[in-house]
Each structure stands twice: as structure tokens, then as C-alpha cells.
1. So if I check each of PRO83, PRO158, PRO109, PRO172, which one is touching a helix residue (DSSP H, G or I) at 6+ places or on another chain (Cβ under 6 Å) and either polar (S, T, N, Q) or assigned by TED's automatic domain parsing to the domain that holds ALA218 (or both)?
2. Let me confirm something: among ARG167, ARG122, which residue is basic (Lys, Arg) and out of contact with any Leu (no Cβ under 7 Å at 6 or more places or on another chain)?
3. Can you tell me which residues in region 78-118 are among the small types (Gly, Ala, Ser) and either touching a strand residue (DSSP E or B) at 6+ places or on another chain (Cβ under 7 Å) or surrounded by 19 or more Cβ atoms within 10 Å (Cβ to Cβ) (or both)?
4. Could you run through region 301-335 and say how many residues are among the small types (Gly, Ala, Ser), within 15 Å of TRP270 (Cβ to Cβ) and assigned to a strand (DSSP E or B)?
5. So VAL81 clears everything in (1) touching a residue at least 40 places away in the same chain (Cβ under 8 Å); (2) in contact with a Pro (Cβ under 6 Å, 6 or more places away or on another chain) except one condition, right? Which one?
6. So if I check each of GLU228, GLU250, GLU242, GLU281, which one is touching a residue at least 40 places away in the same chain (Cβ under 8 Å), out of contact with any Lys or Arg (no Cβ under 9 Å at 6 or more places or on another chain) and of a type in the set (Asp, Glu)?
7. Please indicate, with yes or no, whether at least one residue in region 26-42 is part of a strand (DSSP E or B), of a type outside the set (A, V, I, L, M) and either at pLDDT 95 or above or within 24 Å of ALA205 (Cβ to Cβ) (or both).
Amino acid sequence: MAELQIHPVILCGGSGTRLWPRSRATKPKPFLPLVGERTLFEATLDRCRRDELFAQPIVVAGSAHLAHIAEQASADAAIIVEPAAKNTAPAIALAAAMLPESALMLVCPSDHHIADTGAFARAAEAAARLAADDWLVAFGIAADRPETGYGYILRGEPVAGGHTVARFVEKPDRATAERFLDEGGYSWNGGIFAFRAGAYLAELARHRPEMADAVARAVAGGRYEGREFHPAAKPFTEIAGESVDYAVMENTARAAVVPASMGWSDIGNWEALRDARSGDEVGNRTTGPAEIVDCRNVLVETDGPRVSVIGLEDVIVVVDKGEVLVTSAAGAQKVGKLTGAANQ
């Protein structure tokens, strides 16, 4: 383990609408203590704490989140300030361009929950070893249910510590997800990746040359303000935003996947947050003053007003700063479409 040095790249972004009203654009979910006492961002940094395996973390974020990052990040974290939100491919490229070509990057979203940090570290080491051989590596999350909200990865031939990627699959419908689970060989795409910095930039230049050139110009024209690096705005804002999955991972011939069974959740909606928390013997979870009678799998989160729920299943009630949300667990995917969520 000691001979490896992994550079964590923590991506901070998003508008926070899917966990409205608790999460708002001014303080989205990475910066909230949603599972335990640490915020999701703090927990992400904790998993990659600087030691013999992990190097200094690099945080990539927009200016709107800098105050939260300054409050919650360790003093040794470097910060790259995106001039505009352009999705994950150029955000990762900014970090890659700031590192030596030989550096092994571990790209982590800042808003995921991982229960088993030991399993995370083992997967990170396996991914880094593959990345050192110029594989572009995705974490393949063990799929335990026919989830329609995630993309999937079909495992190919074995390689050291993992597999090649046979193909990436878009979010499936229910019947297709059930078939994936029955057939085996499929993992969820958790959005966690490992690359050698130079290999990532070479693949980006091969498949998205205009994006690679704009990132290079943005870094060349950038400036430091303390520990913050500000890329030049003009070339970066001209980029057509795209995810790393579409821009690189689905195009490269060197895609690999490492298995990761680590209690992962993207906390993508209120149902996912409910399931990431521990509950009573029938699955109820409460935060704040609440009374639950004859209920199953009910989540109540309130910042003050008392909430009472009787005789319901799979219902979510959230009260936060004067806003009230009531939804079925199945409807939680649609919270981000609410007018209130979009305007706050």
C-alpha cells in the first residue's frame, strides 16, 4: 500500500433540488449532516484523509460553494474554482492538468454516503493499481436490487483486481433492471473513477479535442489566490459541458471496473436517504419531534414543528424553514421538479 500515492479529487456541485426543502441551492446536500454528524463533504474528505495511501486532496467547485468548503475542508486541501458549471469531464480535466502526468487520481463526488470505509480504501487501492497501468477505472457498486435510477456496468474479461468493461448501460426500465440482477455480471456505476492524470488528458484529447484544448488554455491563463486556483474564465465558459461517462469512459478502449461492496448510496433523493439511515424494527426513521403509530418505512424529518403520522407506509414528511414536503417514497424522484425546489 505504501508504494502507491493516490490523489483524491473531490467534485462539489449541484443545486440541491432533489433533497428539497432540507437541501437548497445556497447550501446543497454535500454540506449538510444527512447521515451521522459529519456532512457528506466532510465524510468524503475523511475517507481520503492524507496518509501513506492518499495525498493532498483537491476540491473542484464553483464559487457559490467556497464559503462552505472553507468552513468544512481541512487546511491542506487545494481548491480549484470552476468559472462555470460544465459537468464532470472538464472539472476532472482541470484537476488532471494541475497534477503531474504520472499522478494517480481518485475522483469522488462530494455527496455520496459510504458505510464501509475499509472496503472503500481497498477498492481505491485496486483501482489505483489498474490506473497505474493506464486503465481508466470505474467503481462497480454491488447491485442488490433492480434500481432504475442508476447506470450499469457490464463486466468483461478479468484483469488484475477487476475486469474490463464490456459496456456501459444507461438507466434501465424496471424489467431490464430485474433482468440485469438475474443474469449477474452487472454493477451500478457509482460515479467514482481512478485514472493516471496523463492518461485521462490523452483520452480526453482523443475523444473531445476542443474540450481538452479549452481546459489547457484555462489552466495556462489561471491564477492563484491563496490556496485557490482560478482557471481563466473565457476559454472554460466556451466548453460544451459533458459528463466523464459520455466524453471519455464510453469511448475509451481502456475502461476497467473494480468491484466495490461498501454500503454505497448516492443519497439521490429522500427515499435513498431514508434507506441510508438506521431505523426501527419496521423501518421508520425520525429526526426532530415526531410520533409514529402503526407505520412502516416512514421517514419524518422536522426542524421544529411536531409531526405525527398514523397508519401509513413508505411516506416521507419533511419540515424545514417553514416549507413542508409530503411524498410517497416512490414519488421522491420527482421532488426536484417542484417549483419551490427550483426557486430556492
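1. Step by step, each of PRO83, PRO158, PRO109, PRO172 is checked, and only PRO83 is touching a helix residue (DSSP H, G or I) at 6+ places or on another chain (Cβ under 6 Å) and either polar (S, T, N, Q) or assigned by TED's automatic domain parsing to the domain that holds ALA218 (or both).
2. ARG122
3. Within region 78-118, the first condition is being among the small types (Gly, Ala, Ser), and the residues that meet it are 78, 84-85, 89, 91, 93, 95-97, 102-103, 110, 115, 118.
ALA78, ALA85, ALA89, ALA91, ALA93, ALA95, ALA96, ALA97, SER102, ALA103, SER110 - these are the residues of region 78-118 that are among the small types (Gly, Ala, Ser) and either touching a strand residue (DSSP E or B) at 6+ places or on another chain (Cβ under 7 Å) or surrounded by 19 or more Cβ atoms within 10 Å (Cβ to Cβ) (or both).
4. Residues meeting the conditions: 1.
5. (2)
6. On the way: GLU250 fails: out of contact with any Lys or Arg (no Cβ under 9 Å at 6 or more places or on another chain); GLU242 fails: out of contact with any Lys or Arg (no Cβ under 9 Å at 6 or more places or on another chain); GLU281 fails: touching a residue at least 40 places away in the same chain (Cβ under 8 Å).
After applying the criteria, what remains is GLU228.
7. no
Matching residues to (1) crowded, with 20+ Cβ neighbours inside 10 Å; (2) in contact with a Cys (Cβ under 6 Å, 6 or more places away or on another chain); (3) closer than 24 Å to PRO28 by Cα:
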residue	(1), (2), (3)
VAL248	yes, no, no
ASP294	no, no, no
ASP320	no, no, yes
LEU325	yes, no, yes
VAL335	yes, no, yes
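The values are calculated or read from the model by the stated rules, or taken from the named source; none is laboratory data. All figures in this text were calculated on a predicted structure; none of them were measured in a lab. Note that we place each Cβ from the backbone using ideal geometry, even for glycine, and neighbour counts take in every protein chain shown.
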